[in-house]
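Just below is one structure, and these are the notes that go with it.
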Amino acid sequence: MKKILGILILVGFCLALVSPGYVFSASTSTDKYLKLIDSPDVKNRIRGAKMIAEDEVTDTDLLNKVKEKLLVGYQTKTRDRHHYDEMAYYCKALGASGNLGYMDVLKEVESNTPNRNLKRHAINSQKYLPTM
């Protein structure tokens, strides 16, 4: 009897992992990140990028969106500190992903950004990517 109960619990747990509710919750967090980084408010975009970096997100669609935003904005010359904070967190998010495919982007930012602090963040973010 205990063996059957154990098997039922195991089957129930496995079903819970593959149920639509479980998949929906993963998609919901991705939607939350997207909503934040697409926000018109720079502080929300920073918060979203920071959450992506801290959570070490590996969703390539989301990270490609981060990459696009970084490539569009990193060469902008501005006195707005928040802009560079946003770009720095995009670098951190790409580095925290552990995806070596983002190394070229981080090297490009390192080489071409007019901001020395953003350059430092691009260099530091490369350290989290695996070496070949």
* To do: Arrange Lys32, Lys77 by Cβ neighbour counts within 10 Å, fewest through most, would you?
  => Lys77, Lys32
* Structure fact -> Sparse-neighbourhood loop hits (GluC sites (Glu not before Pro), segment 31-89; DSSP loop; Cβ within 10 Å at most 14 others) -> Glu56
* Could you pull out every one of the lysines with an alpha carbon less than 22 Å from that of Lys69, ignoring same-chain neighbours closer than 8 positions? => Lys32, Lys35, Lys43, Lys50, Lys77, Lys92, Lys107, Lys119, Lys127
* Taking Cα atoms of segment 32-71, Rg/Rh with Kirkwood Rh, to two decimals? -> 0.92
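Quick note: the coordinates plus some simple rules give every number you see, no bench work behind them. Since the structure is predicted, the reported quantities are computational estimates derived from the model, not experimental observations. Don't worry about glycine lacking a Cβ; one is built from the backbone with ideal geometry, like all the others, and counts go over all protein chains shown.
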